[in-house]
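Here the structure comes first, spelled out in structure tokens, and everything after it is commentary.
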Amino acid sequence: PQVTFSDDNSRVTAVLPTGESLEVLLYGATVISWKDGAGDEKLWLSDAAKLDGTKAVRGGIPLVFPVFGTAPDHVQTSKLPQHGFARTSRWEFLGKSTSESESAGGAKAATSSSSSSSSAAAAAAAADQSVKLDFGLSSANLDDKTRALWPFAFSLIYGVTLNRDSLTTSLVVTNDDDKPFDCQVLLHTYLRVKDISSVSITGLDGASYVDKVDGAKTKTQSSGAVQITGETDRVYTPAAVPSAPVGVVEGGRAAFSVTRDSLGDVVVWNPWADKAAAMADFAPADGFRRMVCVEAGSVADFQTLEPGDAFEGAQTIAIGSRAAAA
Ligand code: TA6
């Protein structure tokens, strides 16, 4: 695949030989575009999204760390901005790795740094099936103000893997400090749909959830698919482990299937008309009809990382449907 850099070094683009593509801003390591082989965009991005690093991106896949929302009662993170600082920090591009197609003598990772090498050339010739881009953020990268708000030594590695029919994003959090810290992690994915009125979300039957548009009451999802008919902001904690896929069905056909590794919660959000109109960077005003956020995360509680400990959480968004995780 070609991995190209923007001329102002603000974003990284990858394209597979079969046309699938990915675009990632170094600001927040925010995936802002994921297209299938036909060039159809799978993520929703506001027409008014700031892409110049002045504000978290409205759309794509913003990264939420170390706190989901705001946590006024949680001493360590109570001073942080909503959804933490990962999505508004400048990340480093650490490099890419590709995997060859089966036909080229079995899948083996031909790792190369950002400069091309003979193995990468061989991999490219083998019509790669996937490319993985790695991004890093550590406490050393943070500006002093942010570091003062959350004074812990940490490092994050964010891997974004573009496959022919899916996108996988995984976050590894490491505690580099000599004291423990608590954190939450969430992948704030804005999925693109044609019309929210023909969308239903499957795989949440029976799950308990916190309904943030109804006094943060804890409820249980009835059986059957979830319809979005107004402002929706729910933190689901499905019981099934390993996590059953969460499906986004549109007009009776599976549009997406989201599976999770070590991320026990799924946030479903749609701002609907009034909240969309109240967000200056949400455009067009009726854009809420063409998006639904299905957000894999570990946000129901805080998890404590001991010094030297690492946590990895990942999502795979498959186009169409996927059999339940084995
Ligand atoms: O993921 C849902 C949510 O927590 C909503 O409550 C809403 O605040 C949304 O995130 C967007 O947050 P943002 O800070 O990006 O405007």
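Structure summary
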quantity: Exposure proxy order (Cβ contacts within 10 Å, fewest to most) of TRP269, TRP34; calculated: TRP269, TRP34
quantity: Contact order relative to length of the chain, as percent, for alpha carbon pairs under 8 angstrom and 6 or more apart; calculated: 17 percent
quantity: Partner aspartates and glutamates for LYS42 [C-alpha distance under 14 Å; skip if fewer than 8 residues away on the same chain]; calculated: GLU20, GLU23, ASP165, ASP195, GLU250
quantity: Over the chain: helical MRE at 222 nm, DSSP H runs n ≥ 4 each giving -39500 (n - 2.57), nearest 500; calculated: -1500 deg cm²/dmol
quantity: Overall dimensions of the chain by Cα: Rg and Dmax, Å; calculated: 19.3, 58
quantity: Entries of LYS96/LYS179; LYS194/LYS217; LYS145/LYS217; LYS79/LYS179; LYS50/LYS194; LYS55/LYS219 with Cα pairs more than 26 Å apart; calculated: LYS96/LYS179; LYS194/LYS217; LYS145/LYS217; LYS55/LYS219
quantity: Burial order of peptide ranges 68-79, 51-62 (average beta-carbon count within 10 Å, highest first); calculated: 51-62, 68-79
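Readers should treat all values here as calculations from the given coordinates under stated rules, not as data from a laboratory. Computed from a prediction, not measured in an experiment: that's the story for all the values here. Every residue, glycine as well, gets a Cβ built from its backbone with ideal geometry; the counts of neighbours run over all protein chains shown.
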